[in-house]
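Enquirer: One structure, as structure tokens, below. Some questions next.
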């Protein structure tokens, strides 16, 4: 029996049913007891005294929500993250059910939750004002996120993307670079906004003029990237900082196809690493974060929550800066 069915039988809202069964949120004791008794009589389970238990149906399934563009963006993050989730879920005898969502379409999430297909949901991208987190926290459904969101009702596993961007940019400034171009993807994505802010903070702290730096919100249309690259080079940019591995792959490929020497003509760095960057010579300076480990950790925390074990509401993973030849000012083609 789903929450919708319980709500219809008892003449209450679904959010009221969720609050009663999860032990979260304010609800009258008489209403709570009526819902719990009815659910128990129909073979459902509920949390007691606000502690987490398994969700109503105990399906043994976890829903994983990938962005709809994950299949076309080219970023390795979602693939690696999913592998980490699946590894831990499998070890704990859980199955993984995939769905996709966009900022304005969370019908796949609705289907998993309202038809009782999963015990919990893992979101793999945080979007500003996203409907997914609002919906899941409103009904009290167990959920977790690889990323950062202001909501306190969701488990979060992330890296400090803002500090990582600041650290990498500060290192580049320390190498003598003064004129930068920053390319980031959609600013509605929290991770891109964090990386943008970290870059700007490093530039400001170093006493450089932020107005003299070129900052682009990238476009998925390759012809727009071509125009941006020409503009970047015409402005005598010394170092291009790419917001992620996909943008960096496109940038490196374009520069090398046009015969530009990296880093002699222009240096390149990426704020996220992936195996796709390993194919380039010179090797790319980048921020390295294990997406597979992130997936593993977020799955662990959600399952711990579902099974009544201790869990961390917020986990911040370490990162490392890989300084490579794409930003080495003394690098020459004769170096092997």
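The values are calculated or read from the model by the stated rules, or taken from the named source; none is laboratory data. Quick caveat: nothing in here was measured; it's all calculated off a predicted structure. Glycine gets a Cβ as well: all are built from the backbone with ideal geometry, and neighbour counts include every protein chain shown.
Enquirer: So if I check each of 153, 198, 176, which one is over 29 Å from residue 266 (Cβ atoms) and either in contact (Cβ under 8 Å) with a residue 12 or more places away in the chain or surrounded by fewer than 16 Cβ atoms within 10 Å (Cβ to Cβ) (or both)?
Expert: 153
Enquirer: Of all the strands (runs of 3 or more DSSP E) wholly in region 80-157, which have at least 1 residues that are at pLDDT 90 or above and over 21 Å from residue 18 (Cα atoms)?
Expert: Because the criterion is at least 1 residues that are at pLDDT 90 or above and over 21 Å from residue 18 (Cα atoms), the strands (runs of 3 or more DSSP E) in region 80-157 that meet it are 95-101, 143-146.
Enquirer: Exactly one of (1) buried (at least 22 other Cβ atoms within 10 Å of the Cβ); (2) within 27 Å of residue 196 (Cα to Cα); (3) touching a strand residue (DSSP E or B) at 6+ places or on another chain (Cβ under 7 Å) is unmet by residue 130. Its number?
Expert: Against the list (1) buried (at least 22 other Cβ atoms within 10 Å of the Cβ); (2) within 27 Å of residue 196 (Cα to Cα); (3) touching a strand residue (DSSP E or B) at 6+ places or on another chain (Cβ under 7 Å), residue 130 comes up short only on (3).
Enquirer: Filter region 29-50 for residues that are under 21 Å from residue 153 (Cβ atoms) and at pLDDT below 75 and give the result.
Expert: Correct list: 45, 46, 47, 48, 49, 50.
Enquirer: Among (1) in a helix (DSSP H, G or I); (2) in the same structural domain as residue 204 (by TED's automatic domain parsing), where does residue 176 come up short?
Expert: It fails just one condition, (1).
Enquirer: Check 87, 119, 93 and return the single one that is over 18 Å from the mean Cα position of the chain (by Cα), in the same structural domain as residue 295 (by TED's automatic domain parsing), surrounded by fewer than 17 Cβ atoms within 10 Å (Cβ to Cβ) and touching a residue at least 40 places away in the same chain (Cβ under 8 Å).
Expert: 87
Enquirer: Let me ask another. With respect to the numbered conditions (1) assigned to a loop (DSSP other than H, G, I, E, B); (2) touching a strand residue (DSSP E or B) at 6+ places or on another chain (Cβ under 6 Å); (3) at pLDDT below 95, which one is the sole condition not fulfilled by residue 215?
Expert: Here residue 215 clears every test but (1).
Enquirer: Do we have any residue at all in region 220-232 that's under 16 Å from residue 177 (Cβ atoms), outside any strand (DSSP E or B) and at pLDDT below 95?
Expert: The answer is yes; a qualifying residue exists.
Enquirer: Out of (1) in contact with a helix residue (DSSP H, G or I) (Cβ under 8 Å, 6 or more places away or on another chain); (2) assigned to a helix (DSSP H, G or I), the odd one out for residue 192 is which?
Expert: If we test residue 192 against (1) in contact with a helix residue (DSSP H, G or I) (Cβ under 8 Å, 6 or more places away or on another chain); (2) assigned to a helix (DSSP H, G or I), just (1) comes out false.
Enquirer: Continuing with this model, one more query. Search region 228-251 for residues being over 23 Å from the mean Cα position of the chain (by Cα) and free of Cβ contacts under 8 Å to residues at least 40 places away in the same chain, and hand back the single one that is surrounded by the most Cβ atoms within 10 Å (Cβ to Cβ).
Expert: 229
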